[in-house]
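Since the structure comes first, as structure tokens, the remarks are kept for the end.
Only the coordinates and a few stated rules stand behind these numbers; no lab work does. What you are looking at is a predicted structure, and each value in this text was computed from that prediction instead of being measured. Cβ placement follows ideal geometry from the backbone for every residue including glycine, while neighbour counts extend to all protein chains displayed.
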Amino acid sequence: MRFDIFSLFPEVFDSYLNTSILKRAQDSGALDVHTYNIRDWATDKHHTTDDTPYGGGGGMVMKPEPLFAAIETVLGDPPPCPVILLTPQGRRFNQDIAFELANHDRLALLCGRYESVDERIRQHLVTDSISIGDYVLTGGELPALVLVDAVTRLLPGVLGDPDAAMDDSHATGLLEYPHYTRPPEFRNWTIPDVLLSGNHAEIDRWRRQEALRRTLNLRPDLLETADLQEDDIAYLKSLGYTPKNS
Ligand code: ADE
């Protein structure tokens, strides 16, 4: 999968992309990331990429010319892939969107800075807008890294265990069950006996129930759309849950 990332601060991507799983994904060829400095396409003496808003008011707005030039030079016109603007005004990123994006073989990411981008960029260049949550960051660079990370770990061969991404929190519609590793006792805190039982049916049942319990406690909103079986609902009811539609 190839990402073309357009930013005014492309240097911020290097250390994260050159670490751990994302580095290995690039070494194996599963991930190919190209970063570009939008400023390289600004043609005036000062390489201006932003300007004051028409109509007044505070803040600066990213100018259209360097961005159009950057994207059209790198991707061609029209671009052969989605052009995604990272902005607090986009659709809110989640695991379903990560799966959806992982189906593409190429994505262009546009990192906004300052107050916003000129509206003509949204209207005529951008094909999708994504927000990573209802809060405002100083730019789209961290959101772009979040998106690259979440999508890359879904690509075939990137995680050691091919099923790992299927059990993740959110992939199943529930939060994930608790995990433990050695030692079995630490500062007098033990681990649940069932995990040492070797009975895999019991372990699966315990994990499912713990996922349900954790989701009920921390993210009850997820239960409204999770794929729940009758015994899940019975278990949740035993914990005090009342389904919305009952
Ligand atoms: N740029 C600034 N804040 C953002 C957010 N929450 N999501 C995506 N891009 C952003």
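With equal scatterers on the alpha carbons only and no solvent term, can you work out the Debye log10 of I(q)/I(0) for region 2-152 at 0.09, 0.14 1/Å?
-0.27, -0.66
Give, in nm to one decimal, the length gained when the segment between Thr138 and Glu65 is fully stretched (0.36 nm per residue of separation minus the Cα-Cα distance). Walk me through the intermediate numbers first.
On the way: separation 73, 0.36 × 73 = 26.28 nm, distance 2.17 nm.
Taking 0.36 nm per residue and subtracting the Cα distance, the gain is 24.1 nm.
Give me the extension gain from Asp149 to Thr181: residue separation times 0.36 nm, minus the current Cα-Cα distance, reported in nm with one decimal. Before the final figure, lay out the partial values.
Working: separation 32, 0.36 × 32 = 11.52 nm, distance 2.50 nm.
The span from Asp149 to Thr181 would gain 9.0 nm if fully extended.
Return the distance in nm (one decimal) between the two label points of a simple spin-label model at Thr48 and Asn103, each offset 7 Å from Cα along Cα→Cβ.
4.3
Applying 1/(1 + (r/R0)^6) with R0 = 45 Å to the Cβ-Cβ distance of Lys244 and Glu11, what FRET efficiency is obtained, to the nearest 0.05? Please list the in-between numbers first.
Values: r = 48 Å, r/R0 = 1.06.
Efficiency, from the Cβ-Cβ distance: 0.40.
According to a simple spin-label model (label point 7 Å from Cα along Cα-to-Cβ), what is the distance in nm between Ala30 and Arg205?
Computed distance between label sites Arg205 and Ala30 equals 3.5 nm.
Multiply the residue separation of Asp77 and Trp189 by 0.36 nm, subtract the distance between their alpha-carbon atoms, and state the gained length in nm to one decimal.
Numbers: separation 112, 0.36 × 112 = 40.32 nm, distance 6.07 nm.
Value of the extension gain: 34.2 nm.
Compute the FRET efficiency between Thr127 and Ala234 as 1/(1 + (r/R0)^6), taking r as their Cβ-Cβ distance and R0 = 51 Å, and round to the nearest 0.05.
Values: r = 45 Å, r/R0 = 0.88.
Efficiency, rounded to the nearest 0.05: 0.70.
Output the antiparallel fraction of DSSP beta bridges having both residues in region 2-152, as a percent to the nearest 5.
Percent antiparallel among DSSP bridges in region 2-152 is about 10.
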